[in-house]
Amino acid sequence: MTQQITLALSKGRIFDETLPLLAAAGIEVLEDPEKSRKLILPTSRPEVRVVLVRATDVPTYVQYGGADIGVAGKDSLIEHGGQGLFRPLDLGIAKCRVSVAVRADFDYAQAVRQGARLKVATKYTSIARDFFATKGVHVDMIKLYGSMELAPLTGLADAIVDLVSTGNTLKANHLVEVEQIMDISSHLVVNQAALKLKQAPLKRIIDAFASAVPQD
Ligand code: AMP
């Protein structure tokens with residue numbers, strides 16, 4: 001009996017940059033998620049389907065077996081905690097960094113030097129908390145789910161912790177990057193039970209991805 005494989009992806013950069021890796025594994029996604037409202041997409045391989053979930057939900061889907069395998073940013077994996085996940089491969093895709101940014105007229109270096117308490121708005125509370133704790137900076141963390149750039153502009157926060165790629169979003173909102181916390185790329189994650197129960201088909205996908213991963 002052929003075993004069904006469910007792959008969790010998020011729309012956007014991760015989906016787009018995973019397509020060539022899927023092609024290397026002989027898998028073609030048969031619908032464009034930007035044109036379809038479907039959340040389950042068929043592929044050219046009847047036993048493989050793609051489920052579309054929020055980027056931050058990919059680790060949770062794979063952890064609990066809602067998907068056997070998924071592609072998740074390192075940011076989402078750290079915030080999730082990684083429980084129940086096997087992480088065989090850094091795919092080197094959807095690269096960006098997690099950074100601290102402030103309004104151009106905010107003297108971040110001086111605030112840190114003076115031991116000021118910083119109001120930090122972010123979706124990435126674990127990453128931000130660890131970073132500022134290591135630095136010895138006291139912070140009031142404000143959890144947001146999007147449009148982090150607005151927080152310093154409206155006085156909600158002194159600083160944000162967000163993903164930065166080209167820096168254009170920061171620039172357009174008169175924010176400056178003052179710290180780079182870590183480099184981010186997307187990783188392949190696999191449900192630990194599925195890895196045993198569906199070893200052969202999952203190994204084929206993992207091996208095909210491994211040989212297709214872009215080299216630096
Ligand atoms: P940029 O203007 O190129 O610096 O991109 C920054 C915006 O895109 C921010 O809103 C980020 O949250 C988002 N972003 C950048 N890179 C990624 C990524 N790899 N995955 C998800 N969102 C990203």
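Table for the structure above
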quantity: Wholly within the stretch 1-85, helices (runs of 4 or more DSSP H) carrying at least 3 residues that are within 19 Å of Val189 (Cβ to Cβ) and open to solvent by 60 Å² or more (accessible area, probe 1.4 Å); calculated: 13-24
quantity: Selection status of Thr6, away from the ligand (no atom under 16 Å from the Cβ) and among the hydroxyl-bearing types (Ser, Thr, Tyr); calculated: yes
quantity: Filtered residue count, the stretch 118-139, keeping only those that are more than 16 Å from the ligand (Cβ to nearest atom) and touching a strand residue (DSSP E or B) at 6+ places or on another chain (Cβ under 8 Å); calculated: 8
quantity: Residue match in the stretch 57-70 (condition: closer than 22 Å to Thr166 by Cα and either away from the ligand (no atom under 16 Å from the Cβ) or of a type outside the set (Gly, Ala, Ser) (or both)); calculated: no
quantity: Condition met for Phe86 (of a type in the set (Phe, Trp, Tyr) and outside the structural domain of Lys203 (by TED's automatic domain parsing)); calculated: no
quantity: Considering residues of the stretch 87-131 that are over 21 Å from Asn173 (Cβ atoms) and among the acidic types (Asp, Glu) only, the residue farthest from the chain's Cα centre (by Cα); calculated: Asp130
quantity: Test: residue in the stretch 168-184 that is among the hydrophobic types (A, V, I, L, M, F, W, C), under 15 Å from Thr6 (Cα atoms), assigned to a helix (DSSP H, G or I) and open to solvent by 20 Å² or more (accessible area, probe 1.4 Å); calculated: no
quantity: Top-ranked residue of the stretch 140-175 - restricted to ones that are of a type in the set (Asp, Glu) and under 20 Å from the mean Cα position of the chain (by Cα), ranked as nearest to the ligand (Cβ to nearest atom); calculated: Asp162
quantity: Enumeration of residues in the stretch 152-190 that are under 15 Å from Thr125 (Cα atoms) and touching a residue at least 60 places away in the same chain (Cβ under 8 Å); calculated: Ile160, Val161, Asp162, Leu163, Ile181, Met182
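The values are calculated or read from the model by the stated rules, or taken from the named source; none is laboratory data. Note that the structure is a prediction, hence the values are computed from the model and not measured. Every residue, glycine among them, receives a Cβ derived from its backbone with ideal geometry; neighbour counts consider all protein chains shown. Remember, those area values only see protein heavy atoms, side chains included, never the ligands or the DNA or RNA. Shrake-Rupley method; radii C 1.70, N 1.55, O 1.52, S 1.80 Å.
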